[in-house]
Structure formats: structure tokens, C-alpha cells
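Laboratory data are not the source of any read-out in this text; all were calculated from the coordinates shown. Quantities reported herein were computed from a predicted structural model and do not represent experimental measurements. Here the Cβ is made from the backbone with ideal geometry for all residues, glycine too, and neighbour counts use every protein chain on show.
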Amino acid sequence: MTDSLSVSGGGDGGDGDTTNLNAQVLQSLTRLANTLAKLDETSYHDADNANNEQLIEEKVAALNISDNDSAERVAAVSQTEQSQDTAATSTLTKLPTIPISHWRALPQNVQSAYQLLNDGATYIHATSTKYTLVGKVDTQEGSNLAVELRKGAELIGTGTLLLYSKQYGSSRSLKHYIKQYSRAIIASLISLIKSFEDGLSQGQANDGNNIGAQKTGAVWAACDKLTNTLPKGNRAAMRRKLMVWIKDCNESIEEFEEVLELGPRDDNSDNEEEEEMMDEEQYTEKEMSVARASVNLMKCSKNLLTLVLKTCECVGEYVDKIPTSDDTAASEDNDTTQQQQVNDKKRQEILQWISNLHEMARTVGEGVTNVGILLYPPLDNATASEEEIQQWQEKKPKAMSLDVDEVSSTIPSLGKTTMGIQLEHQLCALAECVLMVHDAQLPTSGEKFDDCISSDVRLGSERMRIALNKRCKEVEEALASWQP
């Protein structure tokens, strides 16, 4: 981790090196940008916890942060929460193997890592203005300020890598947004400094050259976005991602309902030009049933994502009420200690359950987009490639029971066309998600915890099972009538 953030270039700012400081800082920032680009939101950055405190102290000291709580901030970041790998059992959705560490309430180490990001963004925002004003008329003084910009970038990099490390328990969605926002700041910095290194932003005061000002404005925007809109913690990030998928569903539903409203195309038309235009915009009579069933499946997916949103909220509120080790740290009573161990285990398992459910919802949300890609007329009912068929057979979950009112029901096999495979994939993803909410079982112990599921959510899961059964039959019948 230290190597990833050793972005200091050679030279000490003396006369022989001053003219190259912009170039040195550019090289340093490029290395940092490459490090951030390689971060994988589905896994964790392998950070050495023993070096965390020393690393943060160096970065904070470099900025001369002198507020009263800076020492506490550094100490808090070095504290870790231990997480244990949990076996992933789903075959359709790749589940996270490490539980998230928090829901709404942020642990102190996570708060401190966020503060590093905010400190870095604030420092870059202020310094970039000075850099542009001074650098335009005095290259030497401007390049000295480039080193100060690099110090802010080091804080951004440090905070990002910490929140990507295992003990900080960030969800995949949170890591996605952290990476996106931090990379935007570093990219804008590189663009700003490069404009001075290339001479594009240099000149005299009031000479009309505003390239530097434009580049500075981009830096400000990236910094402001991080400080004002970066989701704070797992709950905020996971809710935002769910809302994005729901929005995507609404847009896809609206788009294809407009096509359905056009009705089937008239294959008996004598006007060849009109017929060619209709071929591109409308479905055939047989395609209409497949398209309508697919749009209804999208609506079912949207409703399920809304249910997941409600489920995560009520389960998250429950888990935040479970006492943490910090709440009972002062107690030396054996019974209290044992109970806290039980609480910690249950809390960790419920957080894992929330994380698993969210990843299943991801499969549903992204699946709507994949269905939409195949839904533009004319529909293709060609057989999928052997590789595609084989991949689906290997990934396809075992039969999942959707029994309702003692009536047996399972996900139907929808053939070997690309459309059929994708629709079957979406039905399986929906079934996995619905059953997980309905059963409400801890992932490791199998203990039911439906006492924290609201009656509204329980009723919603029952309705979703009924709706999913209808969608299964509708899709199966539509594809059967469409096959040549």
C-alpha cells in the first residue's frame, strides 16, 4: 500500500529541478491514477494494517492539518474490524465473500477515511486556484505549488485505498462510487498540470487566455462532487445503486411500451418504403406477445427492486439496534462478554445477508438492461452459440420452488435461443431474490430472522411470488407461439 502511494517525484525543488516539478508531479499522479484504475470493486485491496497509522500520519503531517481532532482521526483509522470469509452458495449471482462492516452508522475508522478524502479534496480545491493564478505568470512558483497539489492527491489516494481494504467493510456499490469520484479528481488534476507543462495555460495576466481557469473549474467540480455528493457509508451507496436500477427499469419499460402501442406491423402493405420503415419500428404479430411478456417481466423486476429497497431498510434498522462491542467495552462481566459475542456474530451474519440480497438485486437490475438489448425489433429467434448454451447450463441454478397455495411451480426451461436464455436467466434471478426475502435465513447458521422483516415486506414478497408465477407462464407461452 505504501508503494502505491509513494507518488513523490525526484528532486527537492532546487534550481536544477524546479523547471521539472510539473513533469515530476505529472508522473506521480499518473502512477496514482493507474493504481486507482486497477482497483476491483468486487474484491478488496490488500492493505497492510500495520502500516496504516504511519502512512496516514505522513499524509496528514504533509498538509499541516492542525485542527483539534486530527490526532484522533489518525488513531481511529488504524483501528480495524475483523471480518471472516463466508462461503458463497449461489450459482447465478456471485455473492460477496466478506460481510460489510456497517449499514447506517459509520464505524470510527470509516469516518476517518472519509475525512481524509474530504481533507484532500478541500486542499486541492484551494491550492488549484493559487496554482493557476501564480503559474500563469511565474512558471517556477507555479511548479512549486504543483507539489502541494500532489499532497492533496496523496490524501485522496490514501482514503480510497483504505476504504477498499478488507477491514473497512465497504460494499461493492460504495467502492464503485469512491473509485469513480477519486479518479475524477486525479484526472482533472493531471489535465490542469499538463496544460501548464505544455504551455497552453501560460501567459500574462488579463491576456484572455482562460484555459487554466477552465481546467481549474473542472478540478473544483470534481472536488465539490466528492465533498457534497459522495455516498456516506454502505446504506447511502447501496440505496443509490438500487434507485439507479429502478430508474433504468422505468426507462426501458417506457421505451418498449411506446413500441407496443404502435401495434403489430402490417405485413400485407403494398408500400415497400413504408413497410421497410415499419420493419425497423414495429413487431410482428408473433413478436408482440414476446415483447409484451418481456415488458411485463421488466415491470416485475422493477417491483422487486423496490421490495429489496424496503427490505434492506427494515433489516438495516434492526441491525443498527444490535449492541456493538464498543457499546459494552467497559463491562468485564462474563455474561455480558458472551452475549456480546453472540450479538457480534448475528450482526455480522445479517450484514452479510443484506450484502447478498443487494448483489442478487444487481443481477436483476442489470438483467433488465440485457433483456432490453434483445428487445429491439425485429426480434432474433436464432439458436444461441454452443458456448453460450454451455455457459448458461453451468450457471443455471437448480430447480427453485415458487409454490403458492400448495400449487407446485418452478422456473420453466425456455429453449436454446439467445432471447429464451436471457429471459430464463431473468426469471431465475427474480426467483432467487424473492425467495431470499421470503425465507429470511442467515447465510451461515440458517437461523430465521423474519422478526425484523416488516409486515409490508412480507406481504410484498408473497405478492411477488404470485406475480412471478404468472410471468413464468406468460413468457413460456409467448416463446412457444413465437418459435418457427
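Table for the structure above
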read-out: Linear extension gain, LEU459 paired with GLU251, 0.36 nm per residue minus alpha-carbon span; value: 72.2 nm
read-out: Rounded FRET efficiency, nearest 0.05, which uses the C-beta distance separating SER481 from GLN341 and R0 of 56 Å; value: 0.45
read-out: Label point distance in nm, GLU281-THR369, each placed 7 Å from Cα along Cα→Cβ; value: 2.8
read-out: FRET efficiency, ASP224 to GLN111 (Cβ-Cβ, R0 25 Å, nearest 0.05); value: 0.75
read-out: Residues CYS428, CYS433 arranged by fewest to most Cβ contacts within 10 Å; value: CYS428, CYS433
read-out: Tensor-based shape of the range 405-466 (alpha-carbon gyration tensor, a/c under 1.5 rounded, otherwise prolate or oblate); value: prolate
read-out: Cα shape, the range 236-482, gyration tensor, a/c 1.5 rule; value: prolate
read-out: Per-peptide average of other Cβ atoms within 10 Å, ordering 386-392, 371-377 highest first; value: 371-377, 386-392
read-out: Potential lengthening between ASP138 and ASN20 on full extension [0.36 nm per residue; Cα-Cα distance subtracted]; value: 41.1 nm
read-out: Cα gyration tensor, the range 104-200 - rounded (a/c under 1.5), prolate or oblate; value: prolate
read-out: Sequence of TYR168, TYR44 once ranked by neighbouring C-beta atoms within 10 Å, starting from the fewest; value: TYR44, TYR168
